[in-house]
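S.K.: Submitted below is the structure of interest, expressed as structure tokens.
The values are calculated or read from the model by the stated rules, or taken from the named source; none is laboratory data. The structure presented is a predicted model; accordingly, all values stated were derived computationally and were not measured. Because the Cβ atoms are built from the backbone with ideal geometry, glycine has one as well, and the counts that use them run over all protein chains shown.
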Amino acid sequence: MPELPEVETVRRVLSNNILNLKIIDIDVRYPNIIEDDIDYFKNNIINKRIKSIDRLGKFLIFNLDDGAFISHLRMEGKYYYLEKGSIDNKHIHVVFHFDNGYSLYYQDVRKFGRMIYKNSDEIYETKPLKDVGIDPILNKKIDYRNIYDKIVLRSVSIKTTLLDQSIICGLGNIYVDEVLFLSKINPHRLSHDIKYDEVVNIVDNTVKVLSKAIEYKGTTIKSYTSSLNVYGEYQQFLNVHTKTICPVCHSPLLKDKINGRSTYYCKNCEV
Ligand SMILES: [Zn+2]
């Protein structure tokens, strides 16, 4: 699943390519990707220009002259920006055609990705964006106390709480393992046992890990940005995820499952 740094990389690359292009047609080949009525989606987007692209957590927001469409890549979604007709396969489900002879292709092998159109006044006031938690990269003034108060209400593991996007958004499986390692917190610890100082560490390490991962264009374990000819290089900085030996105490790392997600941690360093 692409995480915040990979989605931010997609946002930056597309922003360099498609701003101010007018969408002149849309092909929808697999209707379930679109959460709206297909005609409503098309009628609100065709003949508009993409003015800017924003991101909140793992959502991409394509702002139009008026309104926006929101896209979530989920497990396997990818965009290609290519000349019209230069790519075709059964996994391409939505195609936006521009007035310059190029098209934006949305490919999704697993078909879990979703798109929805919103009027300008609905973008942040309605689902899905209204339920998204604090984006630690966009939010310069982070209210640690507020995050702590929400985390300690949960009775599930801290890893599960951080993967749920409603308190802090943008952390996925890879970066949660890295953040908890740097914060010296065992991923199985229950959220209501986490101390205030530990929450401060988690948030600060989240900003640190995600900022550096954005700088290195994400992690290419499975590549989500290769369709845009971008290859992430953050994997060289991973401490625990997919690793076998702790870089600090040199004992073997443990690998188990939390909510079905592979979890790597050091039982000596993370308590
Ligand atoms: Zn260790």
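S.K.: Within the range 51-77, count every residue that is closer than 25 Å to LEU162 by Cβ and of a type outside the set (Asp, Glu).
M.R.: Total meeting the criteria: 14.
S.K.: Taking the conditions exactly as written (hydrophobic (A, V, I, L, M, F, W, C) and surrounded by 14 or more Cβ atoms within 10 Å (Cβ to Cβ)), does ILE38 satisfy them or not?
M.R.: Numbers: hydrophobic (A, V, I, L, M, F, W, C): yes; surrounded by 14 or more Cβ atoms within 10 Å (Cβ to Cβ): no.
The answer is no for ILE38.
S.K.: So TYR265 ticks every box in (1) within 14 Å of the ligand (Cβ to nearest atom); (2) at pLDDT below 90 but one. Which box is left unticked?
M.R.: (2)
S.K.: While we're looking at this one, here's another question. Under 6 Å by Cβ, and 6 or more places apart or on different chains, what pairs join a residue from the range 47-75 that is closer than 15 Å to ARG12 by Cα with one that is among the hydroxyl-bearing types (Ser, Thr, Tyr)?
M.R.: ILE53/SER15; LEU60/SER71; ASN63/SER52
S.K.: Could I ask something else about it? Quick test for you: out of GLU270, GLU198, pick the one residue that is closer than 28 Å to LEU153 by Cβ, at pLDDT 95 or above and outside the structural domain of ILE174 (by TED's automatic domain parsing).
M.R.: After applying the criteria, what remains is GLU270.
S.K.: If the requirement is being among the hydroxyl-bearing types (Ser, Thr, Tyr), touching a helix residue (DSSP H, G or I) at 6+ places or on another chain (Cβ under 9 Å) and surrounded by fewer than 14 Cβ atoms within 10 Å (Cβ to Cβ), which of these qualifies: SER251, SER191, SER183, SER262?
M.R.: Unique residue meeting the criteria: SER262.
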